[in-house]
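Note sheet for the following structure.
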Amino acid sequence: MLEIRNLRVKLAEEDKLILSGISLEVPKGQVHAIMGPNGSGKSTLAYVLAGREGYEVIGGEVLWNGEDLLAMEPDERAAKGVFLAFQYPMEIPGVATMTFLRTALNAVRRSRGQAELTTPQFMKHVREEALGLAIADEILKRPLNVGFSGGEKKRMEILQMAVLAPTLCVLDETDSGLDIDAVRIVSAGVNKLRSQDRAMLVITHYQRLLNYIVPDKVHVMADGKIRKTGGKELALELEKSGYAEFKSKALESA
């Protein structure tokens, strides 16, 4: 289970709080969505969970399966099963996609005391997962994300998730910049990974992604706090009413 308790975070070089007391629980086997306006702290939460530099935690705690996630380095978090799918995946010129995937997978396997995959085992595994995401062999031969379209980059993020098989999946606006066909393909890849041993946190502005990745709970974030929690129907309400109500509440409590 992911347990976030009164988490308060600021940028390392600024004094203003970005997260001002987030509390949240995501049990294994469930998908939770976080929705909210721009600047509400959604991506900051994702980055802090993954261990990105540049953020300072000034209070609260984050536990993953009872262990202190904030005390771990990013590679330790990955070994414990944490995965972040970026809103804007990075291009890495000179690093072949297959080399990147194999290096990452075997590093995680070593950290878990598992044997590394042989080349034939690895190739078979990746190609099986890539097929379901409509990723051609030609793309797998390119440098990671270099020259990829927005949809190809997002599919590559989900391929990495499928190959690494994390137990905590954080998807930061995975639907950003995708057309409807790409949303369907990416969502199908995410849904394939839903299991009783895996928790997912899906961050999005819009309800359309949640037509395909149906959440168990929806949380509304505004001004660095969770302002409301409900079932999947809450996303439909937000699609009609927008975030004006929560912006007003955030200003009143600031």
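The values are calculated or read from the model by the stated rules, or taken from the named source; none is laboratory data. Keep in mind that this is a model prediction, so the values were computed, not measured. No Cβ is skipped: glycine too gets one built from the backbone with ideal geometry, and neighbour counts run over all protein chains shown.
Some notes on this structure:
- Single residue of region 62-94 satisfying the filter (of a type in the set (A, V, I, L, M, F, W, C) and out of contact with any strand residue (DSSP E or B) (no Cβ under 7 Å at 6 or more places or on another chain)) that is farthest from Val186 (Cα to Cα): Ala71
Each row is one residue, and each column tells you yes or no for (1) in a helix (DSSP H, G or I); (2) of a type outside the set (Lys, Arg).
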{"position": "Lys124", "(1), (2)": "yes, no"}
{"position": "Glu128", "(1), (2)": "yes, yes"}
{"position": "Val146", "(1), (2)": "no, yes"}
{"position": "Ile158", "(1), (2)": "yes, yes"}
{"position": "Asp175", "(1), (2)": "no, yes"}
{"position": "Val186", "(1), (2)": "yes, yes"}
{"position": "Val190", "(1), (2)": "yes, yes"}
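- Residues being in contact with a helix residue (DSSP H, G or I) (Cβ under 7 Å, 6 or more places away or on another chain) and over 28 Å from Glu245 (Cα atoms) - total across region 22-56: 3
- Any hit, region 110-128, residues being under 19 Å from the mean Cα position of the chain (by Cα) and either closer than 30 Å to Ala235 by Cα or aliphatic (A, V, I, L, M) (or both): no
- Residues that are within 15 Å of the chain's Cα centre (by Cα) and in contact (Cβ under 8 Å) with a residue 40 or more places away in the chain were ranked within region 182-193; the one that is farthest from Pro27 (Cα to Cα) is Val186.
- Whichever residue in region 67-96 is within 17 Å of Phe148 (Cα to Cα) and under 20 Å from the mean Cα position of the chain (by Cα) and, among such residues, is surrounded by the fewest Cβ atoms within 10 Å (Cβ to Cβ): Met90
- Some residue of region 14-32 being over 20 Å from Lys217 (Cα atoms), in contact with a strand residue (DSSP E or B) (Cβ under 6 Å, 6 or more places away or on another chain), hydrophobic (A, V, I, L, M, F, W, C) and not in a strand (DSSP E or B): no
- Meets criteria (under 22 Å from Ala50 (Cα atoms), free of Cβ contacts under 8 Å to residues at least 60 places away in the same chain, touching a Lys or Arg at 6+ places or on another chain (Cβ under 8 Å) and in a helix (DSSP H, G or I)) for Ala162: yes
- Qualifying residue in region 34-44 (condition: crowded, with 23+ Cβ neighbours inside 10 Å and assigned to a strand (DSSP E or B)): yes
- Filter pass, Ala136 being over 29 Å from Ser20 (Cβ atoms), among the hydrophobic types (A, V, I, L, M, F, W, C) and exposed (fewer than 13 other Cβ atoms within 10 Å of the Cβ): yes
- Whichever residue in region 39-72 is at pLDDT below 95 and of a type in the set (D, E, K, R) and, among such residues, is nearest to Leu11 (Cα to Cα): Glu56
- Residue count for region 194-226, restricted to those that are within 16 Å of Pro27 (Cα to Cα), part of a loop (DSSP other than H, G, I, E, B) and in contact with a Lys or Arg (Cβ under 7 Å, 6 or more places away or on another chain): 5
- Residue within region 74-83 that is part of a strand (DSSP E or B), closer than 24 Å to Phe246 by Cβ and aromatic (Phe, Trp, Tyr) present: no
- Residue in region 105-121 that is assigned to a loop (DSSP other than H, G, I, E, B), buried (at least 19 other Cβ atoms within 10 Å of the Cβ) and on the phi < 0 side of the Ramachandran plot present: no
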